[in-house]
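K.L.:
Sending over a structure as structure tokens; questions will come in a sec.
The values are calculated or read from the model by the stated rules, or taken from the named source; none is laboratory data. Just so you know, these numbers come straight off a predicted model, no measurement behind them. Glycine gets a Cβ as well: all are built from the backbone with ideal geometry, and neighbour counts include every protein chain shown. The protein model used for the area step is the full one, side chains on, heavy atoms only, and it has no ligands, DNA or RNA in it. Shrake-Rupley method; radii C 1.70, N 1.55, O 1.52, S 1.80 Å.
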Amino acid sequence: MEQEDRKVNWWVRSDEVREGLQAKGRNPKYLPSVQFDRKRLNVSGDLAQVVADSDYLFLVVPSAYIADTLEQLPKSAYKGKKIISAIKGVLPKRRTSVSVYLENTLKVKRNDICVITGPTHAEEASRKMPTFLTMASNSPTLAIEVEQMMRCDYLHTTHTSDILAVERVGLTKNIYAIAAGICQGLGYGDNLNAVMVSAAMRELGNLIKVYPAIHRNLADNCYLGDLMVTCWSHHSRNRRLGEMIAQGVKLDDIFAKMGTVPEGYFSAQNYHELALMVGRTDDIPIVEAVYRILYEDADPKTEIDYLIDNVF
């Protein structure tokens, strides 16, 4: 099937969003300026029907809600499906990534799972600006299939088998983006943010060493590139969260204004708990600083100043 003939079955939970897409081809809540081709969309509120009618399932539900969403259906509903996750977060309380959850809980075959990573922001992709995607899967065949499916004149794609490390970057980059936002919100400038991102890359590199890989260059797009775009971009919700915290805005007010809870908020708690369980909190000083600020009401300036003197 040619790209222009491919149709998308789209499960939409919100009545308002679903009606907007069906009637006008626009999402009234998110990027409302984007016009979708309604002839190529089957927008539905029936999750079971959408899953049954689709060979490839793209997951874009926030990580905090993915289990409640998918477990509405029996595990058999996902048998034989190719599942592609674009989720950059950890499942709260389960302390697991999406790919591990799919394999261990929903019993999806490992070779039927693919993870999409950046660096990319939807705001730029929607404007057809040059955007870069990496497809990570244990199955080279599936990674290439998804790569070809997504590629177009403004979407540049590649693939890797380093799925667990790529997913780990997707999880932790949001925590580091909060730290970058805090630095910016404190008025510390670009010099410090550059050093913070460098330190985050070192910390992240140590975290993913536990995953063996035939080829891994931390300067590649799916590692350093994905970290940088999240830490630097004004589109980053996690960076914005950090900026607002540094400016003294309360978390409840931030979440209400954003209309969502950025993924890094949950990831910081889960990484802290995991590190605490294995006695490795000293290995993640930036993550721990963000955790204390978010969950223990620690003073942002005190935490960042400690990192400046002892880590950066």
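K.L.:
Which of these values of Rg and Dmax of the Cα atoms in Å was calculated from the structure shown: (1) 19.5, 58; (2) 21.9, 89; (3) 22.8, 75?
P.N.:
(1)
K.L.:
Report the label-to-label distance for ASP53 and ALA213 in nanometres (one decimal), using points 7 Å from each Cα along the Cα→Cβ vector.
P.N.:
A separation of 3.8 nm, rounded to one decimal place.
K.L.:
Another question, then. Taking DSSP loops as anything outside H, G, I, E and B, show the longest stretch in the chain free of GluC sites (Glu not before Pro) there with at most 12 other beta carbons within 10 Å. Can you show the working numbers first?
P.N.:
Numbers: sites that count: GLU2, GLU71, GLU296.
Between the exposed loop sites, the longest stretch runs 72-295.
K.L.:
With only Lys, Arg, Asp and Glu charged, each at its Cβ (+1 for the first two, -1 for the last two), find how big the charge dipole of the chain is about the Cα centre; round to the nearest 20 debye.
P.N.:
About 800 debye.
K.L.:
Applying a 10 Å radius around every beta-carbon, put 8-14, 212-218, 134-140 in order of their mean neighbour count, most first.
P.N.:
134-140, 8-14, 212-218
K.L.:
Among the trypsin sites (Lys or Arg not before Pro) within the stretch 62-122, which fall in a DSSP loop and have no more than 16 other Cβ atoms within 10 Å of their own Cβ?
P.N.:
LYS79, LYS93, ARG94, ARG95, LYS107, LYS109
K.L.:
Past 19 Å, Cα to Cα: identify those pairs from LYS93/LYS301; LYS81/LYS107; LYS88/LYS173; LYS82/LYS107; LYS81/LYS109, in the order given.
P.N.:
Details: LYS93/LYS301 29 Å; LYS81/LYS107 11 Å; LYS88/LYS173 9 Å; LYS82/LYS107 12 Å; LYS81/LYS109 9 Å.
Where the Cα-Cα span goes over 19 Å, the pairs concerned are LYS93/LYS301.
K.L.:
Solvent-accessible area per residue for the stretch 221-266 at a 1.4 Å probe radius, Å²?
P.N.:
Spelled out: the 1.4 Å probe surface of the stretch 221-266, per residue, equals 46 Å².
K.L.:
Which of rounded, prolate, oblate describes the stretch 109-251, given a ≥ b ≥ c as roots of the alpha-carbon gyration tensor eigenvalues and a/c under 1.5 marking rounded, otherwise prolate only if a/b is larger than b/c?
P.N.:
The shape class here is prolate.
K.L.:
Tell me, what is the FRET efficiency for VAL278 and SER161 to the nearest 0.05, using R0 = 35 angstrom and their Cβ-Cβ distance as r?
P.N.:
On the way: r = 26 Å, r/R0 = 0.74.
That pair, VAL278 with SER161, gives E of 0.85.
K.L.:
In square nanometres, what is one fourth of the surface area of the convex hull spanned by the alpha carbons of the stretch 19-131?
P.N.:
7.9
K.L.:
Of the candidates LEU192, LEU204, LEU224, which one comes out as most mobile in a Gaussian network treatment of the chain with C-alpha springs shorter than 10 Å?
P.N.:
For the chain, modelled as a Gaussian network with Cα springs under 10 Å, the answer is LEU192.
K.L.:
Enumerate the aspartates and glutamates that LYS7 could reach by cross-link, defined here as Cα to Cα under 18 Å, with residues fewer than 8 away along the same chain left out.
P.N.:
Result set, ordered by chain and number: ASP37, ASP46, ASP53, ASP55, GLU145, GLU147.
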